[in-house]
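Some notes on the structure that comes next.
The values are calculated or read from the model by the stated rules, or taken from the named source; none is laboratory data. Note that this is a predicted model, so its numbers are computed, not measured. For neighbour counting, all protein chains shown are included, and Cβ atoms are generated from backbone atoms with ideal geometry for every residue, glycine included.
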Amino acid sequence: MLGTVLAVVTPLVADAPRAFVGSIVTSGLLGLVFTVRGLQLFRATGRVPLPATTLSIVFGIWFMGAPLLYDTSRVGFVATAGTQFAGLLVAAFGTYLFVHGVTATTE
C-alpha cells in the first residue's frame, strides 16, 4: 500500500507537468483500490487473492514504465525516480504475494 501512496504523492510534491500528474495520480488511486481490496480479501479468507495481486503487479510495472513515456527533462528527476521507485515497491511486493499465493499449500 505504501508504494501506491508514494506513486500518488510523488508527482504532486515534485511539481510535475499536469499530464504526468493526472496519469500517475489516477493510476495510483485505482491501484490503491486493488491493493486495499486485496488486503480486505486476505484478512477475510487468509489466502492471497490472485486477481487483485495480479493487478497490483500490472500497476507496479506501469509505474516503472510510465515516466519514460514523458519528456523526463520536463517531468524532472524526483517525479520520475519517485514514481519508478514506487512501481518497484508495488511490483516486487505484488510478485512476492503472487508467488506465495500460487505455492501456498492448504492445510
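Scan region 6-40 for residues that are assigned to a helix (DSSP H, G or I), among the hydrophobic types (A, V, I, L, M, F, W, C) and crowded, with 17+ Cβ neighbours inside 10 Å and the total you get is 9.
Could you check, for region 44-55, whether at least one of its residues is of a type outside the set (D, E, K, R), at pLDDT 90 or above, under 17 Å from Leu89 (Cα atoms) and surrounded by fewer than 20 Cβ atoms within 10 Å (Cβ to Cβ)? Checked against the condition, which is being of a type outside the set (D, E, K, R), at pLDDT 90 or above, under 17 Å from Leu89 (Cα atoms) and surrounded by fewer than 20 Cβ atoms within 10 Å (Cβ to Cβ), region 44-55 yields at least one hit. Applying the condition of being of a type in the set (Gly, Ala, Ser) and under 30 Å from Phe42 (Cβ atoms) to region 56-80 and asking which residue is surrounded by the most Cβ atoms within 10 Å (Cβ to Cβ) yields Ser56. What pairs come up if the first residue lies in region 16-30 and is at negative phi, the second is loosely packed, with under 14 Cβ neighbours inside 10 Å and in a loop (DSSP other than H, G, I, E, B), and their beta carbons are under 9 Å apart, counting only those six or more places apart or on different chains? What qualifies is Pro17/Asp71; Val21/Asp15. Applying the set (1) out of contact with any Phe, Trp or Tyr (no Cβ under 8 Å at 6 or more places or on another chain); (2) at negative phi to Phe34 leaves exactly one unmet item: (1). Among residues of region 71-86 being modelled with pLDDT of 90 or more and among the hydroxyl-bearing types (Ser, Thr, Tyr), the one that is farthest from Pro17 (Cα to Cα) is Thr83. Does Ser73 meet the test of being touching a Leu at 6+ places or on another chain (Cβ under 9 Å) and of a type in the set (S, T, N, Q)? No, not satisfied.
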